[in-house]
Amino acid sequence: MKNSLDSAGLDAAIEAVHRAGMPGLFAEVRDGDQVWRGAAGVADVATGRPVTADMRHRVGSVTKTFTAAAVLQQAESGRIGLDAPIGRYLPELVPGERGDAITVRMLINHTSGLAEYLPYAYPSLKGFPAPAATGPQSLDDHRFTRFDHAELIGMGVSAPAVGAPGGSPGVYSNTNYLLLTRLLEQVTGTTAERCITRNVIERAGLQDTELPAGPYVDGPHSRLYEAWFGMIDPPRDYSVFDMSWVGPSASLISTVADLNRFFGMLLAGKIVSPSSLAEMQRTCPVVSQEGRTIDYGLGLYPMEGPGQGVFWGHGGTVWGGGTLSMTRADGERQMSVAVNLQRWNRLDSSGRPQPHPIDDALAALYRVAMYG
């Protein structure tokens, strides 16, 4: 199982992603005590300022692992029942029969059947998740909008259900995780941001990770370029953006080093108990926002490579930014990668995203980083 780090191979692989069309990206790969950090390309296409491996970055739905861990901690202390109905805790948000049928676990693993609120909050995304039926106008309209989370949840709960509670496959939805942040507030008597910060971020000793209050990223960071399937050309910078549209379910700012530290500690049973970790690693099929069916646990999902064991982690996107963080089950091998362009695939005549050289180059980087 032991691989040493192929620094030259990693250097070449990260440079290849930049050459394929990614403005900038940076990463950290760990194998035991060995650490490789690398970066390629620019943080600002106008000035040519380079990206560096220590930059802070919006990590999107990687936040969901932090949120899930905070919920599991409350389950360990008896304040939350994983298989209790959400209506017991939040009857005003999920009323009636659905509140009785949807459990906390179903929210964490996306099997609640609750729809995604995003196309209702962002009108130009009304055709979501079909890219051809969407447009990017709402991104500009809502750059500084302060969304009310109860209203967002209401949009998802009142929308047509995407499945029966506990049905298979589940359907990935931010509505689930916004409800979990409200659940944390209900049982802890504090904000979800404070709860996750105190019990997860600080417990893991993360120095460069935070749930931001405003629309800005503090410290050294890259601009974030959104192409929206070629509809924004040239891609536009959305690094300044009010993240209340996802709140503490996807607004985390972190670094690749902090993410590796967090997932290493999580898989070592140092953030939640070993029995809670085992619950997190029980998966079921879930349809992702890209339309792929993945195995999804409680805020974690697996990736498996040739003879190298299972990796666990999460990916995330925001407008203009993407992140993937994966740690092998034994904690020895780790990879976190951050990119500063999103939705680079243009659409073919039938409205499907076309293959792009970035896709193959990123896959090659992931292979070298995870499997040597």
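Bear in mind these aren't lab numbers, they're just calculated from the coordinates by the rules spelled out. Being a predicted model, the structure only gives us computed values, none of them experimental. Neighbour counts are summed over all protein chains in view; Cβ atoms, including those assigned to glycine, are modelled from backbone coordinates with ideal geometry.
Things to note:
- Rounded to the nearest 500, the helix-only mean residue ellipticity at 222 nm of the chain stands at -8500 deg cm²/dmol, with each DSSP H run of n ≥ 4 adding -39,500 (n - 2.57).
- Here the Kirkwood formula, the inverse mean of 1/r across different C-alpha pairs, assigns region 7-371 a hydrodynamic radius of 20.5 Å.
- Compared with the direct C-alpha span, the chain from R19 to S273 gains 87.1 nm at full extension, assuming 0.36 nm per residue.
- Packing order of peptides 63-74, 240-251, 335-346, highest average first: 63-74, 335-346, 240-251 (average count of other Cβ atoms within 10 Å over each peptide's residues).
- Placing a pseudo-label 7 Å from each Cα along the Cα-to-Cβ vector at E304 and Q354 gives an inter-label distance of 3.5 nm.
- Annotation: amide H-H contacts under 5 Å for L347 (H modelled 1.01 Å from N, sequence separation of 5 or more, or interchain): Q354.
- Hz values of 3J(HN,Hα) by residue in region 139-146 - Karplus curve (6.51, -1.76, 1.60), Gly and Pro given as x: 4, 6, 4, 10, 4, 10, 6, 9
- Nonlocal amide H pairs with Q34, under 5 Å, H built at 1.01 Å: none
- Cα pair distances of region 71-221 binned at 5 Å [whole percent]: 2, 9, 16, 19, 18, 16, 13, 7, 2, 0
- Neighbourhood net charge (10 Å Cβ-Cβ; Lys/Arg +1, Asp/Glu -1) for I253: -2
- FRET efficiency estimate (nearest 0.05) - Cβ-Cβ, E97 to S4, R0 56 angstrom: 0.50
- Long-range amide H partners of I80 with built H, under 5 Å: A75
- When peptides 108-115, 150-157 are sorted by average Cβ neighbour count within 10 Å, with the highest value leading, the order is 108-115, 150-157.
- Segments 219-231, 37-49, 181-193 sorted - mean Cβ within 10 Å per residue, highest first: 219-231, 181-193, 37-49
- A simple count of charges around G291, restricted to other residues whose Cβ falls under 13 Å of its Cβ and scoring Lys, Arg +1 and Asp, Glu -1, yields 0.
- Taking a point 7 Å from the Cα of R198 along the Cα-to-Cβ direction, the residues of region 38-79 with backbone N closer than 16 Å to it are 70-75, 77-79.
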